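Worksheet: one structure, shown below.
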Amino acid sequence: MHTELFETLADPTRRRIVEVLRDGERQVNDIVRQAGIHQSGVSRHLRILHETGFVSVRPDGQRRLYALRAEPFREMESWLAGYRQLWEARLDRFGAALEQNKRRKTNKEPEHE
């Protein structure tokens, strides 16, 4: 399941649409204007985002309003949390090595010519 979520967001056009929707509910014409993508492309990518659960659709009279859903992002965050410890540990070791290197340079006596 995680693979499908990441594959969905791998497309740069879909990421642009997601960025537009971060600010709240939008209708297709607003997304077209803000994302700079043709209407047919926006509609196609919104369908994919809807099918994979990233976007909800709410009818409002003649309009259809699209909004982001939190669930797939929470699922991705949960999956990434398992890797967070790995990279945080590596960053901690890197920071310690930098600090040790800095101390060595500070304690090094100046060279005489």
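The values are calculated or read from the model by the stated rules, or taken from the named source; none is laboratory data. Just so it is clear, the structure is predicted and the values come from calculations on it, not from any experiment. So basically every Cβ, Gly included, is an ideal-geometry build from the backbone, and we count neighbours across all protein chains shown. Protein only, heavy atoms only, side chains kept; ligands, DNA and RNA dropped before computing areas. Shrake-Rupley method; radii C 1.70, N 1.55, O 1.52, S 1.80 Å.
Structural remarks
- Any hit, the range 97-113, residues being more than 20 Å from Thr3 (Cα to Cα), open to solvent by less than 100 Å² (accessible area, probe 1.4 Å), basic (Lys, Arg) and not in a helix (DSSP H, G or I): no
- Residue check, Leu80 out of contact with any Gly (no Cβ under 6 Å at 6 or more places or on another chain) and at pLDDT 85 or above: yes
- For the range 24-39, the criterion of being under 17 Å from Pro72 (Cβ atoms) and without any contact (Cβ under 8 Å) to a residue 12 or more places away in the chain is met by none of the residues.
- Verdict on Gln34 being assigned to a helix (DSSP H, G or I) and in contact with an Asp or Glu (Cβ under 9 Å, 6 or more places away or on another chain): yes
- Only one entry of Val57, Val32 meets the criterion of being in contact with a strand residue (DSSP E or B) (Cβ under 8 Å, 6 or more places away or on another chain) and open to solvent by less than 100 Å² (accessible area, probe 1.4 Å), and that entry is Val57.
- When the range 82-96 is filtered for residues that are under 30 Å from His2 (Cα atoms) and among the aliphatic types (A, V, I, L, M), the ones remaining, listed by number, are Leu86, Ala89, Leu91.
- Residue count for the range 58-96, restricted to those that are in a helix (DSSP H, G or I) and of a type in the set (A, V, I, L, M): 7.
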